[in-house]
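Undergrad: Starting off with a structure, shown below.
Read-outs throughout are calculated quantities, based only on the coordinates presented, and are distinct from any laboratory measurement. Only a predicted model underlies this, so the values are computations on that prediction, with no experimental measurement involved. FYI the Cβ positions are ideal-geometry reconstructions off the backbone, even for glycines, and counts take in every protein chain you see.
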Amino acid sequence: MNSKKYSIWFLTVSLVIIVLLAGAYQLSYYAAVDRQKEEIESELKKNPVQTTEGSAEKNAGYYLMQREGFVIVCLQDKKTVYEYTSIEVTELPVTLQNEIKNGKYVESLQELYGFLENYSS
């Protein structure tokens, strides 16, 4: 009978300790988050956002080209290879083959990977 009481007591004390530790962790976590927010806000007050005149250029995109019968991805200069693929030009639709021979422009990385995913084997 005594061992049963000790087991219940031990279980109860263990649960209380676990709850206290979890609560202490939550308090320290939220305190750290609040401290970090305050630091960011004070930095923003010290260094306010400045606007400048000028123009910003968006990513120039990519070009699908062909080399040795395979599709390659080039950067905006059409010379720097961004990625080699295993996609054979001859296995693409004829209209797409002609576009790639002339350098098919792809505006975004998402569009590029969509193309590569569709035509990869």
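Undergrad: Pick from V13, V33, V73: which residue has the top mean-square fluctuation in a GNM of the chain where Cα pairs under 10 Å get a spring?
TA: Comparing V13, V33, V73 in a Gaussian network model of the chain, the most mobile one is V13.
Undergrad: Under a Cβ-Cβ cut-off of 15 Å, what is the net charge of the residues other than L64 that fall near it, where Lys and Arg count +1 and Asp and Glu count -1?
TA: Numbers: positive: R67, K78, K79, K101, K104; negative: E68, D77, E83, E88, E91, E99, E107, E111, E117.
Around L64, the charge tally is -4.
Undergrad: Still on this structure, I have one more. Calculate, in nm to one decimal, what K5 and L20 gain on full extension: separation in residues at 0.36 nm each, minus their alpha carbon distance.
TA: Values: separation 15, 0.36 × 15 = 5.40 nm, distance 2.25 nm.
Extra length from K5 to L20 when fully extended: 3.2 nm.
Undergrad: OK, next. Can you tally the net charge around K46? Count Lys and Arg as +1, Asp and Glu as -1, for every other residue whose Cβ sits under 13 Å from the Cβ of K46. Write out the running numbers ahead of the final one.
TA: Values: positive: K45; negative: E38, E39, E41, E43.
Every neighbour counted, the sum reads -3.
Undergrad: Straight-line reach only, C-alpha to C-alpha below 30 angstrom: list the lysines that K104 could link to, leaving out same-chain residues fewer than 8 apart.
TA: Of all the lysines, those that pass the test against K104 - Cα under 30 Å, at least 8 places apart if same chain - are K58, K78, K79.
Undergrad: Now, a different point. Which of V71, V89, V19 moves most in a GNM of the chain, Cα contacts under 10 Å?
TA: Greatest mean-square fluctuation among the candidates belongs to V19.
Undergrad: So which residue, out of S42, S86, S14, gets the largest mean-square fluctuation from a GNM of the chain using Cα contacts under 10 Å as springs?
TA: S14
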